[in-house]
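The values are calculated or read from the model by the stated rules, or taken from the named source; none is laboratory data. Note that the structure is a prediction, hence the values are computed from the model and not measured. Positions of Cβ are generated from backbone atoms using ideal geometry, with glycine treated the same way; all protein chains shown enter the neighbour counts. Protein only, heavy atoms only, side chains kept; ligands, DNA and RNA dropped before computing areas. Shrake-Rupley method; radii C 1.70, N 1.55, O 1.52, S 1.80 Å.
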Amino acid sequence: DFSSPSIKSNPSDVPLLRRLLETCLRIAPLVVPREPWASLPVLKHPDLTRFNIIVVPEGPPHPAGYIDWQGAMVQPVCMQSAFPPAMDFSDGPFPIPDDSTYPPLPDDFDSMPDELKEFIRMHHRNVCRHIKYGKMVERFDHLRSSAWGLPCGWAVCDLVPHITRCAADGPFGLRD
């Protein structure tokens, strides 16, 4: 129903969506990994942001639970290798080091205005969270860390939601 306000597609998108879906079918054998472990089914939280993680109120912070499971699905592990939004960070004044070390604060940090210090602290925390998550996955989640090394991992990650929601969300995600 293209008249729904939540639908981002319109009838003129249908031919493009059909072509994009046909392209997915043609390239699937080229991008889906052949390693048996890469197809193991794993439950995926659809929106793992900081707002959907319940943290214990006392003691060292750690997740006590997760909310907002609407849209959860079981997918092959190779399609879940991306960082969840709560842990992903790729934009800001700190580059993510290739060697998994935490970047230092700038040398002139103490002399910066308070507003700039807070901005730098926030970005530093986000970069450190991203790096720590990567280290934890590499240490404790061998399937996911192995999926990070797959040649076309970026191409299949989140492909299922883009396919199943292309009419509702429009062609942009699927085209990407």
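Listing for the model above:
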read-out: Ellipsoid semi-axes in whole angstrom, largest first, where each is sqrt(5λ) of the Cα gyration tensor of region 1-56; value: 29, 26, 7
read-out: Met112 versus Ile96: modelled label distance in nm, points set 7 Å from Cα along the beta carbon direction; value: 2.0
read-out: Alpha carbon centroid spacing (whole Å) that separates region 1-54 from region 90-151; value: 28
read-out: In Hz, Karplus ³J(HN,Hα) per residue of region 141-147 (6.51, -1.76, 1.60; θ = phi - 60°; x = Gly, Pro); value: 10, 5, 5, 5, 5, 5, 5
read-out: Fluctuation leader among Gly71, Gly134, Gly59 - the chain, Gaussian network, Cα springs under 10 angstrom; value: Gly59
read-out: Per residue solvent-accessible surface (Å²) - region 1-98, probe of 1.4 Å; value: 70
read-out: Helix 114-140 vs. the chain, principal-axis angle (Cα, 0 to 90°, nearest 10); value: 60
read-out: Residues of type aspartates and glutamates that Lys117 reaches as a straight line, Cα spacing below 19 Å, ignoring anything fewer than 8 places off in the same chain; value: Asp91, Asp107, Asp108
read-out: Global size of the chain as Cα Rg and Dmax, reported in angstrom; value: 19.7, 58
read-out: Electrostatic dipole magnitude of region 38-176 [Cβ: Lys, Arg +1; Asp, Glu -1; Cα centre; debye, to 20]; value: 580
read-out: Alpha carbon convex hull of region 90-167, volume per residue in cubic angstrom; value: 131
read-out: Percent carbon-and-sulfur accessible area, the chain, ignoring ligands, DNA and RNA, probe 1.4 Å; value: 60
